[in-house]
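Trainee: There's a structure below that I have some questions on.
The values are calculated or read from the model by the stated rules, or taken from the named source; none is laboratory data. Source: prediction; values computed, not measured. Backbone-built Cβ (ideal geometry, glycine too); neighbour counts: all protein chains shown. Quick note on the areas: whole protein, heavy atoms, side chains included, nothing else; ligands and nucleic acids left out. Shrake-Rupley method; radii C 1.70, N 1.55, O 1.52, S 1.80 Å.
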Amino acid sequence: MNGSTGETQAREETRVSYMTCPLCEATCGLEVTTRGREVVSVRGDQEDAFSRGYLCPKAAALKALDADPDRLRAPMIRAGEDWREVSWDEAFAEVERLLRPIIAARGPDAVAFYLGNPNVHNLAGQLYNAPMLTALRSGSIYTASTLDQMPKHVSAGLMFGGALTIPIPDVDNTGYFLILGANPLVSNGSLMTAPNMRDRIRALRARGGKVVVIDPRRTRTAQEADEHHAIQPGTDALLLFAMVHTLFAEGLVNPGRLGEHLYGLEALRAAAEPFTPEAVAPRCRIDAATIRRLARELAAAERGVAYCRIGACAQEFGTLTNWLVDVLNALTGNLDRAGGAMFPRAAAGARNTSGEPGRGRGFRTGPGASRVRKASRVLGELPAACLAEEIETPGEGQVRALITIAGNPALSAPNGDRLAAAFATLDAMVCVDAYLNETTRHARVILPPPSPLERSHYDLSFYQLSIRNIAHYSLPVFQRPAGQLDEWEILLRLTGILAGQGASLPVAALDDYVAGQIIARETRQKGSPVEGRDPAELLAALAPRRGPERLLDFLLRAGPYGDHFGARPDGLTLAALEAAPHGLDLGPLQPRIPEVLRTPSGKIELAPEPLLADVERLRASLDRPQPEMVLIGRRELRSNNSWMANLEPLVKGADPCALLIHPDDAARLGLADGGRARVTSAAASLVAPVRVTDEMAPGVVSLPHGWGHGQPGTRLRVASAHAGVSINRLIPDAEIEPLSGDAILNAVPVTVARA
Ligand SMILES: Nc1nc2c(c(=O)[nH]1)N[C@H]1C(S)=C(S)[C@@H](COP(=O)(O)OP(=O)(O)OC[C@H]3O[C@@H](n4cnc5c(=O)[nH]c(N)nc54)[C@H](O)[C@@H]3O)O[C@H]1N2
Ligand SMILES: Nc1nc2c(c(=O)[nH]1)N[C@H]1C(S)=C(S)[C@@H](COP(=O)(O)OP(=O)(O)OC[C@H]3O[C@@H](n4cnc5c(=O)[nH]c(N)nc54)[C@H](O)[C@@H]3O)O[C@H]1N2
Ligand code: SF4
Ligand SMILES: [Mo]
């Protein structure tokens, strides 16, 4: 089960390996050259079927990540302030000793889970978190999704019937690209897996297309665009509604082929009624003539697409915004056609191909709600912004223990000070994490995963969100050192403990159980290529594979391109991917409506009732006084949320964690470039270095998230020297987006003064 001793690797032969970068959604192919156990270089794989040699500075930093002396390599137990390295058996025994009494005395809900972003970049998290959660059946489940894309799940679920039935911009074939609240040239794209967005956008413009960016900041993406409009933060839904209004008012609604599949056109027209361009213009700070022109241009474009991401999503009207983006695409005939917004068909584990085609049970939020503020449960989870109060508030169901898997909520979730204080009061905290950081310092036990170069990889999540259908499996670059568990083994051992089976239940038996369950479920699934097959026969066909490879092989073979276990002998298998180290291109996205739909009506729901019910809240915002100054977030090229700041190559150079402010605001407030400002919100007050730049819209300041290192009890030597401040200290947790439970991370009212 454990890796070999690595003695063969210790001999100094030079090797070249190919792998998919697991650090962001772009899934670039990397060429990693190694000598013995050393990384010599990380380059873009010129032959990669998708990324063709592209990579960003983070991938090059995989070398530093792999070698980072602060990266944890052995389990640790804390006693007071002191951490002690222990064996895996001792660590799991301690986990059991901590958790079992809490579960026994207070029930499963007393143990909360927080699953962070790297879980979706990791086969272990994708395949083994679900069984772990099922083992305990705690209702206290939190993830980074409610700091991120949950509004998209809700809007897509309501419109198309599946929370992962998300239309993706067909960037390579479009002629008009309207981008709201995303900066893909820096973030490398999100809910749009597409390596090298800069060249894709340049190619779009070179073929005569147009790019329009809606962002309170003139970002790098805006600089590459034909047009940039500095919208007032938090008002994207108003702008989009006014564009919808314009389409109706000017007879530009032209869904084309989609017409017969749309339901709710009249209700939509009525809902858009109050949102005339004139009504929204003063709030959005985009004039009515421009709004009309943008609507006409999208309608007139031969192939066009609207797209929004985190700035327009993690905000007060995030679900309405995500809905209206897809509404615009549908009304202009751009949904589900080349150059518009299309539905990928991923090779493995795709939610949007499972079940009977064309119709389904649809999507709804709930059932159930959080204990303290009654926030609706969505996709089985509670809003991350509710976690602090669920820990603090006594009573039945109070959270007394927390298990984090690859998450750093102390820096990534709102009201960070309150959350960290709440962590300190827990009876037990267990973290599966690579670092002793702002969150894991509160743990009693830390269970470290192997280096990303010591595990296999396949992007189960992001091929479901990709601009082309791609499949790429990578073998580990290095063997794991003797004794290091793979992350899926860690998760299975936790599963055994949570299931009440003890800390020493053999991983192999649990893994067989998990595989059996997944296979049996699929054979019962209507419309599955393996519907009605004998699970035992399929399980036998997967031998001798085990662990994530067995599950991945199953998902590929039972997937839309698969060999269907003999039924289609030329079909895809894991073996075929192993023979293709640069990945396989399964072709451009294809139209999928109506087959992709899973709504009860079998139609695209243009005006789902829960969304219509939220429209009045948006309308009321038109009459609200505007705050004088609001805070928004951003990403910098060399960051990865909160966790790669301990790598020297990524933090050298100018301080990335500066407050960006417009020159007029700076002058009015007496702030100088390079000086310091005090930023105060309803949640906290902090001091940040100032960068004066006319990139920013007046009345808007920007801080990146993921900073605020250097806290006592952490072991992040490099990051501590580049600590920065945490924007999430300033973000209140009192309000959430009501439909999705998403945190409101953008357009937060603040005051700014000289420090
Ligand atoms: N204000 C503001 N806040 C934000 C955002 C924003 O735009 N503005 N963005 C939000 C978004 S989109 C997201 S996704 C969240 C992210 O929020 P989180 O997922 O909570 O935070 P990360 O910074 O991604 O932390 C990842 C953790 O996983 C660990 N880790 C890294 N690799 C592995 C691995 O392979 N296995 C394990 N077990 N652990 C690993 C790291 O050490 C780190 O502790 O932040 C959100 N917070
Ligand atoms: N380098 C780097 N890349 C990353 C990450 C990282 O931390 N660093 N994180 C990854 C993750 S987890 C995610 S989810 C993706 C996110 O990917 P993106 O969504 O592209 O993320 P950002 O670069 O933060 O871009 C958000 C933009 O929204 C703008 N904005 C803020 N508020 C508003 C608003 O109210 N309206 C509008 N229209 N715009 C607004 C901001 O100015 C910013 O330019 O990036 C991923 N890639
Ligand atoms: S863009 Fe993303 S996937 Fe590509 S090299 Fe950079 S971090 Fe890795
Ligand atoms: Mo994210």
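Trainee: Which Cα, out of 712, 501, 171, lies furthest along the positive dipole direction of the chain (beta carbon charges, K/R +1, D/E -1)?
Mentor: 171
Trainee: Still on this model: Please list log₁₀ I(q)/I(0) at q = 0.09, 0.14, 0.16 Å⁻¹ for the range 260-417, using the Debye equation with identical point scatterers on the alpha-carbon positions.
Mentor: -0.49, -1.04, -1.18
Trainee: Ok, one more. Quick check of the Kirkwood formula: for the range 62-195, what is the inverse mean of 1/r over all pairs of different Cα atoms, in Å? Mind showing how you got there, number by number?
Mentor: Values: mean 1/r = 0.0524 Å⁻¹.
It works out to 19.1 Å.
Trainee: Quote the relative contact order of the range 626-754 in percent (integer), defining contacts as alpha-carbon pairs under 8 Å separated by 6+ residues. The partial results should precede the final answer.
Mentor: Working: 261 pairs, mean separation 47.3, N = 129.
Value for the range 626-754: 37 percent.
Trainee: If each of residue 540 and residue 392 carries a label point 7 Å out from its Cα toward its Cβ, how far apart are those two points in nm?
Mentor: Simple spin-label model gives 5.9 nm for this pair.
Trainee: On a C-alpha basis, how far is the centre of the range 261-324 from the centre of the range 442-481 in Å? Whole number, if you could?
Mentor: 37
Trainee: Just to verify a number: what accessible area does residue 573 come out at with the full protein assembly present, 1.4 Å probe, Å² rounded to tens?
Mentor: Spelled out: residue 573, probe radius 1.4 Å, area about 30 Å².
Trainee: Now for a separate question. If you add up the charges near residue 402, with Lys and Arg at +1 and Asp and Glu at -1, over every other residue whose beta carbon is less than 11 angstrom from its beta carbon, what do you get?
Mentor: On the way: positive: 400, 444; negative: 390, 427.
Once positives and negatives cancel, what remains is 0.
Trainee: With a point put 7 Å past each Cα toward its Cβ, work out how far residue 575 is from residue 720 in nm, to one decimal.
Mentor: Each label point lies 7 Å from its Cα, and together they span 5.3 nm.
Trainee: Assigning unit charges at the beta carbon (Lys, Arg +1; Asp, Glu -1) and nothing else, what dipole magnitude in debye, to the nearest 20, does the range 98-211 show about its Cα centre? Can you show the working numbers first?
Mentor: On the way: 10 positive and 5 negative charges, 39 e Å.
In debye, rounded to 20, the range 98-211 gives about 180.
Trainee: Hey, another quick one. Report the relative contact order of the chain, percent, no decimals, based on alpha-carbon pairs under 8 angstrom and at least 6 residues apart.
Mentor: Working: 1777 pairs, mean separation 151.8, N = 755.
For the chain, the relative contact order is 20 percent.
Trainee: Moving to a separate point now. Determine the distance separating the Cα centre of the range 553-620 from the Cα centre of the range 124-198; give it in Å without decimals.
Mentor: Cα centroid of the range 553-620 versus Cα centroid of the range 124-198: 13 Å apart.
Trainee: For residue 79 and residue 475, compute 0.36 nm times the residue count separating them, minus their Cα-Cα distance, and round to one decimal in nm.
Mentor: Working: separation 396, 0.36 × 396 = 142.56 nm, distance 3.76 nm.
Here the answer is 138.8 nm.
Trainee: Given a 1.4 Å probe, how much area per residue of the chain is accessible, in Å²? Don't jump to the answer; show the numbers that get you there.
Mentor: Values: 26370 Å² over 755 residues.
Value returned for the chain: 35 Å² of accessible area per residue.
Trainee: Using the alpha carbon gyration tensor of the chain, what are the three equivalent-ellipsoid semi-axes (square root of 5 times each eigenvalue), largest first, in whole Å?
Mentor: On the way: eigenvalues 285, 203, 137 Å².
Whole-Å semi-axes of the equivalent ellipsoid: 38, 32, 26.
Trainee: Can you pull the percent of Cα pairs in the range 347-456 with separation above 20 Å?
Mentor: Values: 3261 of 5995 pairs.
Of all Cα-Cα pairs in the range 347-456, 54 percent lie more than 20 Å apart.
Trainee: Next question. Keeping the other protein chains in place, figure out the carbon and sulfur percent of the accessible area of the chain, with a 1.4 Å probe. Don't skip to the end; give the middle numbers.
Mentor: Working: 13480 of 26370 Å².
Roughly 51 percent of what the probe reaches on the chain is carbon or sulfur.
Trainee: Something else now. Using alpha-carbon pairs under 8 Å, 6+ residues apart, how would you state the relative contact order of the range 517-582 in percent?
Mentor: Details: 60 pairs, mean separation 14.9, N = 66.
Once divided by the residue count of the range 517-582, the mean separation gives 23 percent.
Trainee: For the chain, with only Lys/Arg (+1) and Asp/Glu (-1) charged at the beta-carbon, what is the dipole magnitude about the Cα centre, in debye rounded to 20?
Mentor: Charge dipole, the chain, about its Cα centre: 400 debye, nearest 20.
Trainee: So what is the diffusion coefficient of the range 626-754 in µm² per second by Stokes-Einstein at 10 °C and 1.306 mPa s, using a Kirkwood Rh over Cα pairs? Before the final figure, lay out each step's value.
Mentor: Details: Rh = 15.2 Å.
Here the translational diffusion coefficient equals 104 µm²/s.
Trainee: Using r as the Cβ-Cβ distance of residue 648 and residue 89, and R0 as 41 Å, what FRET efficiency do you calculate, to the nearest 0.05? Walk me through the intermediate numbers first.
Mentor: Numbers: r = 35 Å, r/R0 = 0.85.
Once the sixth-power term is evaluated, E becomes 0.70.
Trainee: For residue 254 and residue 206, compute 0.36 nm times the residue count separating them, minus their Cα-Cα distance, and round to one decimal in nm. Each step should come with its number before you reach the end.
Mentor: Details: separation 48, 0.36 × 48 = 17.28 nm, distance 2.70 nm.
My answer for the length gained is 14.6 nm.
Trainee: Something else: Using the reciprocal of the averaged 1/r over all distinct C-alpha pairs, how large is the Kirkwood radius of the range 135-216 in Å? Could you put the intermediate results ahead of the total?
Mentor: Numbers: mean 1/r = 0.0673 Å⁻¹.
Its Kirkwood hydrodynamic radius stands at 14.9 Å.
Trainee: How many angstrom separate the Cα center of the range 11-45 from the Cα center of the range 488-531?
Mentor: Spelled out, the Cα-based centre of one part sits 31 Å from the other.
Trainee: Continuing with the same structure: Along the charge dipole of the chain, pointing to its positive end and built from +1/-1 on Cβ of Lys, Arg, Asp and Glu, which listed residue (741, 281, 447) has its Cα farthest out?
Mentor: Positive-end residue among those listed: 281.
Trainee: Taking the Cβ-Cβ separation of residue 585 and residue 694 as r and a Förster radius of 41 Å, what is the calculated FRET efficiency to the nearest 0.05? Kindly include the intermediate steps, with their values, before the conclusion.
Mentor: Details: r = 42 Å, r/R0 = 1.03.
With R0 = 41 Å, the Cβ-Cβ based efficiency is 0.45.
Trainee: Mark the label point 7 Å from the Cα of residue 100 along Cα→Cβ and return the residues of the range 500-516 whose backbone N is within less than 12 Å of it.
Mentor: Correct set: 500-505.
Trainee: What Rg and what Dmax come out for the range 517-582 when only alpha-carbon atoms are used, in angstroms?
Mentor: 11.3, 35
Trainee: Would you mind getting me the FRET efficiency between residue 753 and residue 623? Use the beta-carbon distance for r and R0 = 30 Å, nearest 0.05.
Mentor: On the way: r = 29 Å, r/R0 = 0.96.
In this case the efficiency is close to 0.55.
Trainee: Relative to the compact globular guide of 2.2 N^0.38 Å, what is the alpha carbon radius of gyration of the range 574-703, as a ratio? Spell out each step's value before the answer.
Mentor: Values: Rg = 23.7 Å, N = 130, 2.2 N^0.38 = 14.0 Å.
Working it through for the range 574-703, the quotient is 1.69.
Trainee: For the pairs 58/652; 210/603; 374/603, note any where the Cα-Cα span goes beyond 22 Å. Please report the intermediate quantities before stating the final value.
Mentor: Working: 58/652 13 Å; 210/603 31 Å; 374/603 31 Å.
Table pairs above 22 Å Cα-Cα are 210/603; 374/603.
Trainee: Binning every alpha carbon pair distance of the range 116-176 at 5 Å from zero, what are the percents per bin?
Mentor: The percentages, shortest bin first, are 4, 14, 15, 19, 23, 13, 5, 3, 2, 1.
Trainee: Continuing with the same structure: For n ≥ 4 DSSP H runs only, could you compute -39500 (n - 2.57) per run for the chain, divide by its residues and tell me the 222 nm figure to the nearest 500?
Mentor: Details: 27 runs with 237 residues, N = 755.
About -9000 deg cm²/dmol.
Trainee: Moving on. Pull out the extension gain between residue 513 and residue 37, defined as 0.36 nm times the separation in residues minus the alpha carbon to alpha carbon distance; nm, one decimal.
Mentor: Working: separation 476, 0.36 × 476 = 171.36 nm, distance 3.46 nm.
Extra length from residue 513 to residue 37 when fully extended: 167.9 nm.
Trainee: From the convex hull of the Cα coordinates of the range 308-401, what is the mean projected area in square nanometres? Don't jump to the answer; show the numbers that get you there.
Mentor: On the way: hull surface 37.0 nm².
One quarter of the hull surface, i.e. the mean projection, equals 9.3 nm².
Trainee: Beyond 26 Å, what share of the Cα-Cα pairs of the range 432-561 is found? Please give it as a whole percent.
Mentor: Above the 26 Å cut-off, the range 432-561 has 35 percent of its Cα pairs.
Trainee: Order the peptides 391-403, 593-605, 115-127 from the highest to the lowest mean number of other Cβ atoms within 10 Å of their residues. Please list the in-between numbers first.
Mentor: Values: 391-403: 18.0, 593-605: 20.1, 115-127: 23.6.
For the peptides 391-403, 593-605, 115-127, the packing ranking is 115-127, 593-605, 391-403.
Trainee: Could you work out how far apart the two model spin labels at residue 613 and residue 13 are, taking each label as a point 7 Å from the Cα in the direction of the beta carbon, and quote it in nm?
Mentor: For the pair residue 613/residue 13, the computed spacing is 6.4 nm.
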